[in-house]
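Shown next, in structure tokens, is the structure this report addresses.
The values are calculated or read from the model by the stated rules, or taken from the named source; none is laboratory data. What you are looking at is a predicted structure, and each value in this text was computed from that prediction instead of being measured. Positions of Cβ are backbone-derived with ideal geometry, glycine not excepted, and every protein chain shown enters the neighbour counts.
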């Protein structure tokens, strides 16, 4: 027993009787995986590390910032140094962070004490951890550290291959230098450890996890933790349901190697994380899988499962067509519509491969096209797995160019502003950038302004580009004479293009400056009459204002008879 362990022992042992009274002998101890959303049944502790490396920790309630409960969120929250999910990718709803990035000679601990059932000699627990350290290059005893211990309370000794510690260093196995920080930070993403407790039936076991900063108080260390909530056997899929014709046994994820055996170990029947069974074996058939951890990540363990049957039907319904999505709006594999029509109450998990080796830690944030796999398990333990294909479109390669200016009455066709192919895109035209006012005449724009062209892929990715339309005003040149003599030639003062300006005003004056006519718009050309009376041959003056913001046009027109 090392110095730190002896220091912890008095207050840790004082809690054993309390926990023995509270923990049932169900498959897993109550809330060992924090799935109640709290620290119930866990003993928390806070303290300090001295300049010489002595850790002093006292029992406490969960300390804010030092014992932090993290629930699964969308979007997935990532560690600021390692950019890995702060929630364990084992499908659970909660994980914890032990410690923080403050530098105050701090130390933190959590522990859990439980009894293994008297009749269970094949007991296993899998816990998962991730670690983040600053590496100050001090002496080893001065460095930030993470320690994981499994203590056999009944025999007063630690279980060696499941107990270890990491001291901050530049060459720790499995650790990576953070590229998100210039503070010499190393991290290790989520790693599972199997605790082999075969032959420990009836004994009391304690899990202990401790973090500490450097002894000089200038550098931090913290860890993330979670425990799988399946202790009797971490193998899933051992129950065949209803009319199933096949079965898929699945070992716990994250280990270096797997070897499946028949009941008497006379034959290796598989070497992957999953073991497909067809036809379904007889009820009571036993299979075992040997799981080999990565170096220094726990013990080689063998776990068992027994084939069972249930009359419950298990149906997993998934869309049989490719689902379209956009890279700018990640697709949510957990959306209810994905499994509409399936058996109610299924527990779902998500993978990138049919062998179920690679768990998706953030199934609500799918941003890559591909075939994904959904595993469903009902309350009887029956499992099935089906694929689903997601096509995640990138943003369309879509550009526009401002059209060349034209002069009224010419118009602009916005289709001619688009550059490149529009194959597979839905094109729409809008008056505003928010695309709330559609353009009714995109092929014939006759007003200056900025317009918006939207290109949308089948998956919903959209790009909106603005185009500026310049339409020069028509040149209004009224004739300087007309002859209202009813010969059918120039009988009216027709003003070309003025009909383009329905809000124009036209005023006509005699030589004395008296207003003779004033119209809003020019609905009917002047026929040389005022109130039905022919006006004499003379020169008249006019002022035409095409629009409120356009300059007036003035000149003379002569009546000739």
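Consider residue 203 against the criteria (1) crowded, with 18+ Cβ neighbours inside 10 Å; (2) touching a helix residue (DSSP H, G or I) at 6+ places or on another chain (Cβ under 8 Å): it satisfies all of them except one. Which criterion is unmet?
Among (1) crowded, with 18+ Cβ neighbours inside 10 Å; (2) touching a helix residue (DSSP H, G or I) at 6+ places or on another chain (Cβ under 8 Å), the lone unmet condition for residue 203 is (1).
In the stretch 127-147, which residue that is surrounded by 16 or more Cβ atoms within 10 Å (Cβ to Cβ) and at pLDDT below 90 is nearest to residue 187 (Cα to Cα)? Walk me through it before giving the result.
The first filter runs over the stretch 127-147 and keeps only residues surrounded by 16 or more Cβ atoms within 10 Å (Cβ to Cβ), leaving 127-136, 138, 142-147.
Cutting the leftovers down to at pLDDT below 90 gives us 127-128.
Values: 127: 18, 128: 14 Å.
So the residue we want is 128.
Looking at 90, 100, 70, which one is under 29 Å from residue 178 (Cα atoms), assigned by TED's automatic domain parsing to the domain that holds residue 151 and assigned to a strand (DSSP E or B)? Before you say what the answer is, go through the steps one by one.
Details: 90 fails: assigned to a strand (DSSP E or B); 100 fails: assigned to a strand (DSSP E or B).
Answer to the selection: 70.
Only one of 407, 422, 352 is at negative phi and at pLDDT below 90; which?
Numbers: 407 fails: at pLDDT below 90; 352 fails: at pLDDT below 90.
Criteria check complete, one pass: 422.
From 217, 174, grab the single residue that is on the phi > 0 side of the Ramachandran plot and under 29 Å from the mean Cα position of the chain (by Cα).
Values: 217 fails: under 29 Å from the mean Cα position of the chain (by Cα).
Within the list 217, 174, the selection yields 174.
For residues in the stretch 529-554 being in contact with a strand residue (DSSP E or B) (Cβ under 9 Å, 6 or more places away or on another chain) and in contact (Cβ under 8 Å) with a residue 60 or more places away in the chain, which is farthest from residue 478 (Cα to Cα)?
546
Among the numbered criteria (1) under 16 Å from residue 533 (Cα atoms); (2) surrounded by fewer than 16 Cβ atoms within 10 Å (Cβ to Cβ), which one does residue 508 miss?
(2)
Among the listed residues 467, 463, 506, identify the single one that is at pLDDT below 95 and part of a strand (DSSP E or B). Steps first, answer last, please.
Working: 467 fails: at pLDDT below 95; 506 fails: at pLDDT below 95.
463 is the lone residue from the list that is at pLDDT below 95 and part of a strand (DSSP E or B).
So residue 484 ticks every box in (1) assigned to a loop (DSSP other than H, G, I, E, B); (2) surrounded by 16 or more Cβ atoms within 10 Å (Cβ to Cβ); (3) under 36 Å from the mean Cα position of the chain (by Cα) but one. Which box is left unticked?
The single condition residue 484 does not satisfy is (3).
Does the stretch 45-66 hold any residues that are in contact with a helix residue (DSSP H, G or I) (Cβ under 6 Å, 6 or more places away or on another chain) and surrounded by fewer than 17 Cβ atoms within 10 Å (Cβ to Cβ), and which are they?
59
Among the candidates 422, 457, 435, 411, single out the residue that is within 30 Å of residue 544 (Cα to Cα) and either touching a strand residue (DSSP E or B) at 6+ places or on another chain (Cβ under 9 Å) or surrounded by 13 or more Cβ atoms within 10 Å (Cβ to Cβ) (or both). Reasoning before the result, please.
On the way: 422 fails: within 30 Å of residue 544 (Cα to Cα); 457 fails: within 30 Å of residue 544 (Cα to Cα); 435 fails: within 30 Å of residue 544 (Cα to Cα).
After ruling out the rest, the residue left standing is 411.
Go through the stretch 182-197 and count every residue that is within 34 Å of the chain's Cα centre (by Cα) and either over 24 Å from residue 103 (Cα atoms) or surrounded by fewer than 20 Cβ atoms within 10 Å (Cβ to Cβ) (or both). Don't jump to the end; show me each part of the working.
First, pick out the residues of the stretch 182-197 that are within 34 Å of the chain's Cα centre (by Cα): 182-195.
Pick out the ones that are also either over 24 Å from residue 103 (Cα atoms) or surrounded by fewer than 20 Cβ atoms within 10 Å (Cβ to Cβ) (or both) and you get 182-184, 189, 191-195.
Summing the residues that are within 34 Å of the chain's Cα centre (by Cα) and either over 24 Å from residue 103 (Cα atoms) or surrounded by fewer than 20 Cβ atoms within 10 Å (Cβ to Cβ) (or both) in the stretch 182-197 gives 9.
Mind checking which residues of the stretch 51-63 are at pLDDT below 95 and not in a strand (DSSP E or B)?
Residues satisfying the conditions are 51, 52, 53, 54.
For the subset of the stretch 361-380 comprising residues that are touching a residue at least 40 places away in the same chain (Cβ under 8 Å) and buried (at least 19 other Cβ atoms within 10 Å of the Cβ), which member is nearest to residue 190 (Cα to Cα)?
So the residue we want is 361.
So which pairs qualify, if the first residue must be in the stretch 421-442 and touching a residue at least 24 places away in the same chain (Cβ under 8 Å), the second must be in a loop (DSSP other than H, G, I, E, B) and surrounded by fewer than 12 Cβ atoms within 10 Å (Cβ to Cβ), the Cβ gap must be under 7 Å, and the two must be at least 6 apart or on different chains?
Note: pairs meeting the criteria are 430/437.
Could you grab me the full set of residues in the stretch 339-360 that are touching a strand residue (DSSP E or B) at 6+ places or on another chain (Cβ under 8 Å) and surrounded by fewer than 18 Cβ atoms within 10 Å (Cβ to Cβ)? Spell out how you get there, then give the answer.
We begin by selecting, within the stretch 339-360, every residue touching a strand residue (DSSP E or B) at 6+ places or on another chain (Cβ under 8 Å); these are 339, 342-343, 346-360.
Those that are touching a strand residue (DSSP E or B) at 6+ places or on another chain (Cβ under 8 Å) and surrounded by fewer than 18 Cβ atoms within 10 Å (Cβ to Cβ): 347, 348, 352, 353, 354, 355, 357, 358.
Only one of 253, 220 is in the same structural domain as residue 38 (by TED's automatic domain parsing), in contact (Cβ under 8 Å) with a residue 40 or more places away in the chain and surrounded by 15 or more Cβ atoms within 10 Å (Cβ to Cβ); which?
Working: 253 fails: in the same structural domain as residue 38 (by TED's automatic domain parsing).
One residue alone meets the criteria, 220.
Filter the stretch 236-250 down to the residues that are part of a loop (DSSP other than H, G, I, E, B) and either without any contact (Cβ under 8 Å) to a residue 24 or more places away in the chain or buried (at least 24 other Cβ atoms within 10 Å of the Cβ) (or both) and list them by number. Full working, then the answer.
From the stretch 236-250, those part of a loop (DSSP other than H, G, I, E, B) are 237-238, 242-246; that's our starting set.
Within the stretch 236-250, just 237 meets the criteria.
Say whether the condition of being surrounded by 14 or more Cβ atoms within 10 Å (Cβ to Cβ), within 20 Å of residue 217 (Cβ to Cβ) and modelled with pLDDT of 90 or more is met by at least one residue in the stretch 163-181.
no
Determine which single condition residue 485 fails, assuming it passes every other condition in (1) more than 30 Å from residue 539 (Cα to Cα); (2) in the same structural domain as residue 522 (by TED's automatic domain parsing).
Residue 485 satisfies every listed condition except (1).
Scanning the stretch 469-480 for residues that are loosely packed, with under 14 Cβ neighbours inside 10 Å and in contact (Cβ under 8 Å) with a residue 24 or more places away in the chain, which turns out nearest to residue 527 (Cα to Cα)? Before you say what the answer is, go through the steps one by one.
Going through the stretch 469-480, the residues loosely packed, with under 14 Cβ neighbours inside 10 Å turn out to be 470, 472, 475, 477, 480.
Next, from what is left, pick out any that are in contact (Cβ under 8 Å) with a residue 24 or more places away in the chain: 470, 472, 475, 480.
Working: 470: 36, 472: 30, 475: 23, 480: 14 Å.
In this case the residue turns out to be 480.
In the stretch 28-37, what residues are surrounded by fewer than 18 Cβ atoms within 10 Å (Cβ to Cβ) and touching a strand residue (DSSP E or B) at 6+ places or on another chain (Cβ under 7 Å)?
Taking the stretch 28-37 first, the residues surrounded by fewer than 18 Cβ atoms within 10 Å (Cβ to Cβ) are 30, 35-37.
Once the filter is applied, which keeps residues that are surrounded by fewer than 18 Cβ atoms within 10 Å (Cβ to Cβ) and touching a strand residue (DSSP E or B) at 6+ places or on another chain (Cβ under 7 Å), the stretch 28-37 yields 35, 37.
For the stretch 299-398, list the strands (runs of 3 or more DSSP E) that sit wholly inside it and hold at least 2 residues that are in contact with a helix residue (DSSP H, G or I) (Cβ under 6 Å, 6 or more places away or on another chain) and not assigned by TED's automatic domain parsing to the domain that holds residue 197; which are they?
Details: elements: 301-306, 308-310, 323-326, 347-351, 370-377, 383-393.
The strands (runs of 3 or more DSSP E) meeting that bar number zero.
Looking at (1) at pLDDT below 90; (2) closer than 27 Å to residue 88 by Cα; (3) surrounded by 23 or more Cβ atoms within 10 Å (Cβ to Cβ), find the lone condition where residue 213 falls short.
Tallying (1) at pLDDT below 90; (2) closer than 27 Å to residue 88 by Cα; (3) surrounded by 23 or more Cβ atoms within 10 Å (Cβ to Cβ), residue 213 fails exactly one: (1).
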